[in-house]
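Derivation of every value follows stated rules applied to the coordinates shown; laboratory data play no part. Since this is a predicted model, take the numbers as computed values, not measurements. Cβ coordinates were reconstructed from backbone atoms using ideal geometry, including for glycine residues, and neighbour counts include every protein chain displayed.
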Amino acid sequence: MALPPPDPQFVLRGTSAAVHTLHFSCGGREPDVPVLFSGSENGFIHVWNLKTHRVDTALDGHGRKSVYFVETMGGKDRLLSQGRDQRICLWDLAEGRTSVTDSVFTENVGFCRCSLLKVAQGRWLMAAAAKALEEVQVLELPSKTSVCTLKPEVGAKLGMPMCLKLWQPNCGSQPLLLAGYEDGSVVLWNLSTAKALSQLVCHQEPVMSLDFDSEKAKGISGSSEKVLSIWSLNEQQNLQVCKTHKLVNAGISDITIRPDKKILATAGWDHRIRIFGWKKLKPLAVLDYHTATVHCVSFSDHKNPTERLLAAGSKDHRISIWSIYTQT
Amino acid sequence: VSFIPGGLDCSICFVSHVLGKGCVHGRQKEILSVLIPRLTDLTKSDCIWQRICWRLVECVPDRWMEAVVLGFVQRAPGADVLSRLLGNLVVKNKKAQFVVTQKLLLLQYGHTTAVLQNLLGYLSLDGLRRALLIKVLQELLETWSSSSAVKHSPPEQQQYISKAILICLSHLKEPEIESCRQELLTSMMEGVKCHLDSSLPQIRHLGMIVAESISLKINADGPVLKFQYEEDDETKALKSLLVQTPPLCVVPSLPDDDRNEKADAALPSVLESTEKACTAAPVMPDEESDAELDSDDDLIPYDMSEDKELKTKAPVYIRDCIEVLMGSEDVDKWEATIKALESLVRKNPAATREVSVELAKVLLHLEEKTCVEGFVELRQRAQVAVLTTDPIPVAKYLTSQFYSLNYSLCQRTDILDILVLAAQELSCPKSHGKAKHSGAQKPCTQSLPGSDSSKDWRRIVDERIKSKTRRFATGKSHAELASGPNEFSSVAGHFFFPLIQHFDRPLTTFDLLGEDHFVLGRLVHTLAILMYLAVNTVVVTAMGKALLEFVWALRFHTDSYVRQGLLSCISSVLISVPAERLLEDMTEELLETQSWLGDVVEKDPDGDCRRLALQNLLLMENLKKKLQTVPS
């Protein structure tokens, strides 16, 4: 007899707006408190204290325009946020400060979340959608120098980039970029040559979100239709579809694979969070708590496996925190 | 009775005479219970004994033949045994033929299925007798398909005849079916029409099953007649008659009976256990192979059975609902509306009252657009909700529509059902109104809820006082029933009188007193329930008087379902109207009714009618006694 799905461990309320992005920062040692960053539609970034379940700080840096991406850069003292005011802001949060140290004006009016990759100590690469419709620009942070601009060839008709993922095959080697586009295809870009290495049509509808497992060279993408597509990268650096999984209801806003690569979570437009096993995409659980579209899911980076959490942010202004499959 | 062992040429006439006389004087059981088993044994393999047996029964004088044959048919353990014992008696002896083919089948109906099997099997076992079998089948079918027989004979007799027909059919062979195919078809068509016309569900089922079986026999390859009815034990038993099981090869003789039975019992249990062992074994290897595949993936899935497709939302306002139901092309929305309608109506009584008649009209004409589960119940609950929210105008509308042109029988009976359900809800206090509504409405024979609750309440109080606590029981919901106004009181008349008004006025498509006697039966039952629910209301006396007059006008109706309804009407009147009012205002009607009830008890062919009439007479007696004991 299968058990009924678990209830959320706790629910964070108080954003008073739809939650578009979440990011955990729980890796610090005592007396560091584990925190969760959330970006909402009203322009605020809330820093949630996971011990007290209350907001420690609220950051207002995007002129009340929706924040749709947050990520820490090496510890919770440095935060990057991206908002609909066409800006990417870098924050300094050490010692109780809440100031924007730097910002990048991307001139992009889309919704594509940028992607961060640490390449060396104190150096990051950031890929973000650029001003021109189909282009992706890659910048180095914190120097803000442009590394390359990835332009699809003329006539490719890929549409806007919808989601990005920077990754390195092994430490130290050339970083690559996976980009999902509006026409449903995923493209692998080589940053040094600024050329597309492989293009794969995974969906009939725009690719809403993707995630990639660099160890297994396997990735997964979700779109606005009912299909999840799993594809892999072979030695010739060609993408090919491994399998597809049909969902009950259409629409995925976000997919994320847990850092230990055992499970993955999808955020659905049907208000449900689905958990799958990553090895064979075996459906494991359907978490039904939210009453509106779930916009984002994120796994925590706790050092202790049993403390690991999954967070989901939804249009119903709530963030649900789940503790699921923590034994493995 | 002892037998002289064979070898001698003896005259058995004397023995036949003794046998016959003994049987006719009622000693059938004693004589034949010894005789038949011995004869069965002796005739098993010995031809001479068979001939002796035949001679024995042939020599029985005609005036005692019936008793003897009946005894043999009832006691023989199987058709083949009967065949051995009686031989071709039916062909040789006119009286025996009459008994077997006419009396036992058409004139009597109390015999068991085993007797029928014996008899008809016996007829089928010999070539000479098969002609009789076909004749018997034709006569049975004639009776089965005659409409007056269906209307006037008791249901038990009709069941008996149907069983006999089914057994005959099971014995018929192909060439015989060929020869009488046309007749079978004609009788089937006529018979099925009369049976389906009946108001009693039992008769309808019988008709359907027999017609299906006949059609199966005459049309084994082609399309077969198939009716839709609920399978219950009775229908399954009837259908099993169509298949003939081969007679038992080993007929256990008397002393061996017990041993054989035990052996038989032992066999099935051994078979069962071996089956179980077999099924257990294959399960194991499957599980193991599954475990192997999953051994690297040790994540156990949770229960995902709740993961279903999202549904579209229903409108939130009543007027929107009306719009969607009337003309929307969006089937998802239509479905969602239909499902949400009842709760919306109940939550917004004020809004519903503004559009109640319109909504009732839309719902009455609503047809199933998509395949919604439980559509009929959803629609009915919505209609009941509308009716209880705004009783008077909606009741006026519904009762007027009941007598209007161009409605289907289904819609008219729907109207009656809704009126009853709503009356039930209105007459019980609020706490009961939210209880589940059951489907079919049959007049209930429970005693008044009012008196029950007061008795319970008293009993509970006494108990509590005894145990010296001051709290009243919270477990019994009956204690709450006593409060709450009876909302049915103000509207009972609006439900009741319009229904009674026009019953004798025929319209072109609707003739209560003529063809549509099924609806008349339903109407009468509905009036009985409404009367019953009107207890303790102000208008109950007027209703009672009108109902008794109505019953008087219809008391000789030929349909037994209608008569049952009329008798329940009388019960309701006797229960609901206070005794003093009954005696003062309705003495004449009561006396007339009493004499009619006496008639029904004695002469009505339907068992249920007789029973109900007897109950009514008892009720009247009780009333009289009650009034006599009360000091005036």
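Is there a pair in A:Lys282/A:Lys303; B:Lys29/B:Lys95; A:Lys218/A:Lys303; B:Lys92/B:Lys163; B:Lys151/B:Lys545; A:Lys51/A:Lys279 whose C-alpha atoms are over 29 Å apart, and which pairs would that be?
Checking Cα-Cα distances, B:Lys151/B:Lys545; A:Lys51/A:Lys279 exceed 29 Å.
When a footprinting reagent is the concern and you count Cβ atoms within 10 Å, what order do A:Asp60, B:Asp307, A:Asp270 take, fewest first?
Final ranking by Cβ density, sparse to dense: A:Asp60, B:Asp307, A:Asp270.
Hey, got the average number of other protein chain Cβ atoms within 10 angstrom for residues in A:282-290?
The shielding value for this peptide is 4.
In whole percent, what relative contact order does chain A give with Cα contacts below 8 Å and a gap of six or more residues?
Taking the mean separation of contacting Cα pairs over the length of chain A, I get 14 percent.
Among B:Gly327, B:Pro315, B:Phe375, which residue has its Cα positioned farthest towards the positive end of the charge dipole of the stretch B:311-389, with +1 placed on the Cβ of Lys and Arg, -1 on the Cβ of Asp and Glu, and the dipole taken about the Cα centre?
Value: B:Pro315.
Scale the Cα Rg of the protein assembly as shown by the rule-of-thumb value 2.2 N^0.38 Å and send over the ratio, two decimals.
My calculation over the Cα atoms of the protein assembly as shown gives 1.43.
Quick check on the exposure proxy: order B:Val15, B:Val384, B:Val573 from fewest to most C-beta atoms within 10 angstrom.
If I rank by nearby Cβ atoms, fewest first, I get B:Val15, B:Val384, B:Val573.
Taking chain A as a Gaussian network, where each spring joins two C-alpha atoms under 10 Å apart, which residue of A:Thr21, A:Thr256, A:Thr98 fluctuates the most?
A:Thr98
Considering only C-alpha atoms, what is the centroid distance from the stretch B:108-138 to the stretch B:563-604, in Å?
46 Å
I need B:Cys13, A:Cys148, B:Cys371 ordered by Cβ neighbour count within 10 Å, fewest first.
Listed from fewest to most nearby Cβ atoms, that is B:Cys371, B:Cys13, A:Cys148.
Return the distance in nm (one decimal) between the two label points of a simple spin-label model at B:Glu549 and B:Arg181, each offset 7 Å from Cα along Cα→Cβ.
6.0 nm
If I take every Cα pair under 8 Å that is 6 or more residues apart in the stretch B:128-243, average their sequence separation and divide by the length, what percent do I get for the relative contact order?
Result for the stretch B:128-243 is 30 percent.
Rounded, prolate or oblate: which fits the stretch B:311-389, taking a ≥ b ≥ c as square roots of the Cα gyration tensor eigenvalues, rounded meaning a/c under 1.5, else prolate when a/b beats b/c?
prolate
With +1 on each Lys and Arg Cβ and -1 on each Asp and Glu Cβ, and nothing else charged, work out how big the dipole of the stretch B:311-389 is about its Cα centre, in Debye to the nearest 20.
That gives a dipole near 340 debye.
Are there any trypsin sites (Lys or Arg not before Pro) in the stretch B:36-86 that are in a DSSP loop and have at most 16 other Cβ atoms within 10 Å? List them by number.
Qualifying residues, ordered by number: B:Lys44.
For chain A, with a Gaussian network of springs between Cα atoms less than 10 Å apart, report the residue from A:Pro152, A:Pro206, A:Pro305 with the top mean-square fluctuation.
A:Pro305
Before anything else, pin down the relative contact order of the stretch B:479-632: Cα pairs under 8 Å, at least 6 apart, normalised by residue count, whole percent.
21 percent
Please get the size of the charge dipole for the protein assembly as shown, origin at its Cα centre, with Cβ charges of +1 on Lys and Arg and -1 on Asp and Glu, quoted in debye to the nearest 20.
With only Lys, Arg, Asp and Glu charged at Cβ, the dipole is about 1460 debye.
Return the long-range amide H neighbours of A:Phe69 (sequence gap of 5 or more, or a different chain), with a cut-off of under 5 Å between placed amide H atoms.
Here the answer is A:Gln82, since their amide H atoms fall under 5 Å of that of A:Phe69.
For the stretch A:191-256 and the stretch B:81-106, what is the separation of their Cα centres, given in Å?
If you average the Cα positions of each part, the centres end up 86 Å apart.
How many Lys pairs in the stretch B:311-389 lie less than 13 angstrom apart by Cα atoms, where the lysines are 8 or more positions apart or on different chains?
Number of lysine pairs found: 5.
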